[in-house]
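In what follows, a single structure is set out as structure tokens and then discussed.
The values are calculated or read from the model by the stated rules, or taken from the named source; none is laboratory data. Small disclaimer: the values here were computed from a predicted structure and weren't measured. Methodologically, a virtual Cβ is constructed for each residue, glycine included, from the backbone with ideal geometry; neighbour enumeration extends over all protein chains shown. Surface areas here come from the heavy atoms of the whole protein model, side chains and all, with no ligands, DNA or RNA. Shrake-Rupley method; radii C 1.70, N 1.55, O 1.52, S 1.80 Å.
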Amino acid sequence: AVSKCTSKQASNIEWLASNILLSSEISIADRIANILPSQPDDTTWISHIADEIRQWSSFQQLSPVADKLLDTLENLNVEKTMYEDFELFSTESIQTLQEKQLGDISMKIERVLSFLKDCLQQSKMNITAIQKIAECKELREWIRSKSEDYNEMQTFIEVAMDTTAGEGDEIQDRLSDLSDLCGKFSPIIFKLEAVESLQALLKLFRDTWDLIKSLRDPISTVNICNGNLQWYLQIGELQGSVERGTKKQLE
């Protein structure tokens, strides 16, 4: 390891993460410097390796997160080539990743690592809510069949509210829940199909996290709307009939 450090390379990820211990008293960079046979003139690379070690420490715990995320991306019908680097962190492939050299790690893998660490900082509720909306394929497809973006869907909901006015609070609550769902999960519902890069995909998830934070219980919102899907279908048909009737009168 000393030889590899002095030649400005790095040992494999597993060794770095497990053998150069984190300490509040001694920085990682100092620990690396202490194991070198002599102090190099240029120490910037030591700081770089220290940052890498800090980034990769305890990366094995990311496997369960990666496994769930892979299921979510599959349910969302994301092109597999776009998220294949996530598979390196899966339970099946983590051993292969551990044996890689830091110098062989691409920028894309670094981005995935950073994103998975961000996932650990998210509440379990927010992570599960995105899993749930990914599983509700029929609901998402129906929403997209009615609108191309959130503003168009909101117009549909407002018309439906006017159509069902006077039929009780429960009816209005169902439509209000649908409005919350479409607004807070709008990146996943309306923008996912346009995503063409890993970087854009990760941003889409982060944008969704920011939006659903304002929901008291995003999981319940998804479950309630999915449970009301058949009712939404009926409202959509009713509204379509009204629109067709109006068009016929105009003609």
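Residues that are modelled with pLDDT under 70, part of a helix (DSSP H, G or I) and open to solvent by 40 Å² or more (accessible area, probe 1.4 Å) were ranked within region 31-65; the one that is farthest from Q98 (Cα to Cα) is N34. Tell me, please, whether a residue that is modelled with pLDDT of 90 or more, of a type in the set (A, V, I, L, M) and within 23 Å of L215 (Cα to Cα) can be found in region 97-115. No, that holds for no residue. Kindly indicate whether I127 is more than 27 Å from L211 (Cβ to Cβ) and touching a residue at least 24 places away in the same chain (Cβ under 8 Å). No: the conditions fail for I127.
Taking the numbered list (1) farther than 23 Å from F156 by Cα; (2) open to solvent by 10 Å² or more (accessible area, probe 1.4 Å) in turn, K184 passes all entries but (1). Within the option set S18, S24, S3, being at pLDDT below 65, open to solvent by 80 Å² or more (accessible area, probe 1.4 Å) and part of a helix (DSSP H, G or I) holds for one residue only, S3. Within region 146-175, the residues that satisfy the criterion of being polar (S, T, N, Q) and touching a residue at least 60 places away in the same chain (Cβ under 8 Å) are T163, T164. Within this structure, G166 passes the test of being open to solvent by 50 Å² or more (accessible area, probe 1.4 Å) and either of a type in the set (G, A, S) or under 17 Å from the mean Cα position of the chain (by Cα) (or both).
Being open to solvent by 20 Å² or more (accessible area, probe 1.4 Å), in a helix (DSSP H, G or I) and in contact with a Lys or Arg (Cβ under 9 Å, 6 or more places away or on another chain) is not true of D177.
Applying the condition of being open to solvent by 60 Å² or more (accessible area, probe 1.4 Å) and not in a helix (DSSP H, G or I) to region 209-227 and asking which residue is nearest to L69 (Cα to Cα) yields K213. Of all residues in region 187-208, count the ones that are within 16 Å of A129 (Cα to Cα) and open to solvent by 20 Å² or more (accessible area, probe 1.4 Å). Total satisfying the criteria: 2. In region 91-142, the qualifying residues are those that are aliphatic (A, V, I, L, M) and within 30 Å of G236 (Cβ to Cβ), and the one that is surrounded by the fewest Cβ atoms within 10 Å (Cβ to Cβ) is M125.
Yes/no per residue for (1) out of contact with any helix residue (DSSP H, G or I) (no Cβ under 9 Å at 6 or more places or on another chain); (2) aromatic (F, W, Y); (3) not in a helix (DSSP H, G or I):
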| residue | (1), (2), (3) |
| --- | --- |
| N77 | no, no, yes |
| L88 | no, no, no |
| F115 | no, yes, no |
| N126 | no, no, no |
| N151 | yes, no, no |
